Amino acid sequence: GARIEEGISSLSGYSGMFLRHTKASGVIPQIAVILGPCSGGACYAPAICDFIFMVEETSKMFITGPNVVKTVINEEVSVEELGGARVHAEKSGVSHFTYKNEKECLDGVRKLLSYLPANNTQNAPAAEELGKENGVAANVLGKVGEFGKKILPGGEDRCGKIVDIVPDNSRRAYDVKDVVECVVDKGSFFEVQKDFAKNVVVGFARMDGEVTGFVCNQPNHMAGSIDYHASDKMARFIRFCDCFNIPLVTLIDVPAFLPGTAQEHNGIIRHGAKVLFAYSEATVPKISLIMRKAYGGAYIAMNSKEMGADIVYAWPIAEIAVMGAEGAVNIAFKRKIKESPDPEAMRQQCIKEYDDRFLNPYVAAARGYVNEVIKPEETRTALLKALKGLKNKEVDVPYKKHGNIPL
């Protein structure tokens with residue numbers, strides 16, 4: 001923190017740091033590595049950076065230390081409980097990567113650098129470029145072992161395994177990271193903020209050697225619904241990819257924005273709007289794949305066609321509707337069911353009619369909201385074709401200083 005003996009001079013020093021970080025934001029990638037205590041005003045320098053790395057039991061970040069907390073609000077808390085690496089990885093969402101020791105942490109930084117361009121006028125380095133003896137790429141190759149090998153797609157197409165990973169029954173969960181591993185170049189997925197807002201998965205991967213950003217709903221956690229923490233996580237990652245020319249692939253299996261008073265009172269409307277804003281604002285190639293559920297406002301938010309997605313694919317089991325069959329039938333056919341001699345039989349009939357009429361991708365495809373319905377085993381081929389076709393995408397945007405994202 002600031003040295004008390006230096007008074008206002010130390011505080012003004014922080015101000016200069018914050019100004020420079022802010023001016024560099026979106027121009028060069030900024031990475032903060034916390035390898036000890038970082039307290040008071042010093043916390044805001046890494047907070048402005050794009051990614052924060054922390055080490056368990058070593059890294060500490062807090063605005064106000066335990067002694068002051070005890071004095072001011074009479075709350076007793078340890079340094080680790082207040083601002084340790086686990087706290088910021090799992091609860092606050094301040095940090096992006098957590099490692100057990102400093103060596104692993106620095107190797108993680110090198111790995112991240114291999115996915116990033118040097119600045120916003122360049123593209124992220126392709127796999128074959130990592131072998132060149134210059135700049136960051138050579139540094140990465142020299143120090144990260146297996147990762148330094150040339151990462152090119154293997155001969156086998158692993159997408160055939162998807163049908164065994166993703167159940168037809170939309171009530172059954174699965175791990176979307178298993179789907180990602182089937183789609184991307186083998187071993188190339190590098191997850192960001194894996195311990196925070198686990199209902200969504202974001203990270204970098206390579207597709208045919210080219211860096212791509214992935215944003216995915218996670219049915220294994222909260223059924224893949226979107227809460228206010230997940231909204232922040234997605235929006236931040238989307239905007240970073242857009243800053244540095246990294247195309248986006250969105251894998252969709254989402255039932256809703258999470259309902260309830262806790263979500264409403266914590267600003268799910270405000271936080272959810274960040275996702276809408278981030279996707280709409282992004283000018284990089286944007287490709288979506290609807291795997292299973294795509295309901296209501298959450299479907300719209302997850303890079304739908306009318307929100308600016310360049311290409312939208314769907315699997316045959318995709319369900320695109322305002323809401324799921326049971327909830328919709330209880331509202332839309334309430335009177336019909338109530339007046340029926342056998343309400344439960346009528347309810348099941350209405351559910352089947354709703355399923356047949358709405359819960360398939362072909363209605364959306366007929367209206368142009370889905371470009372193509374593909375088989376799961378065709379996923380990687382289709383995504384590669386889309387990425388290749390959009391590689392030179394250009395977008396004209398109206399002049400403005402910047403948009404006003406709903407912070």
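A few notes on this one:
- Relative to the 2.2 N^0.38 Å rule of thumb, the range 185-322 has a C-alpha radius of gyration ratio of 0.97.
- Qualifying GluC sites (Glu not before Pro) for the range 30-103 [loop in DSSP, other Cβ within 10 Å: at most 12]: E57, E75, E76
- Looking at the chain alone, DSSP beta bridges between its own residues are antiparallel in about 30 percent of cases.
- Three-way shape call for the range 288-407 based on the alpha-carbon gyration tensor, with the a/c threshold at 1.5: oblate
- Other residues within the sphere of radius under 12 Å centred on the Cβ of A332, judged by their own Cβ, net out at +3 (K and R +1, D and E -1).
- Three-way shape call for the range 1-78 based on the alpha-carbon gyration tensor, with the a/c threshold at 1.5: oblate
- On the chain, 53 percent of the accessible area sits on carbon and sulfur atoms, based on a 1.4 Å probe.
- Taken over the C-alpha atoms, the chain has Rg and Dmax values of 23.3, 83 angstrom.
- When the trypsin sites (Lys or Arg not before Pro) in the range 198-298 are filtered for DSSP coil states and for at most 16 other beta-carbon atoms within 10 Å of their beta-carbon, the remaining sites are K198.
- Rh (Kirkwood; distinct C-alpha pairs) - the range 21-142, Å: 15.9
- When the trypsin sites (Lys or Arg not before Pro) in the range 326-407 are filtered for DSSP coil states and for at most 14 other beta-carbon atoms within 10 Å of their beta-carbon, the remaining sites are R367, K391, K393, K400, K401.
The values are calculated or read from the model by the stated rules, or taken from the named source; none is laboratory data. Treat the numbers as computed from the prediction; the structure is a model and nothing was measured. For neighbour counting, all protein chains shown are included, and Cβ atoms are generated from backbone atoms with ideal geometry for every residue, glycine included. Side chains included, ligands, DNA and RNA excluded: accessible areas come from the protein's heavy atoms. Shrake-Rupley method; radii C 1.70, N 1.55, O 1.52, S 1.80 Å.
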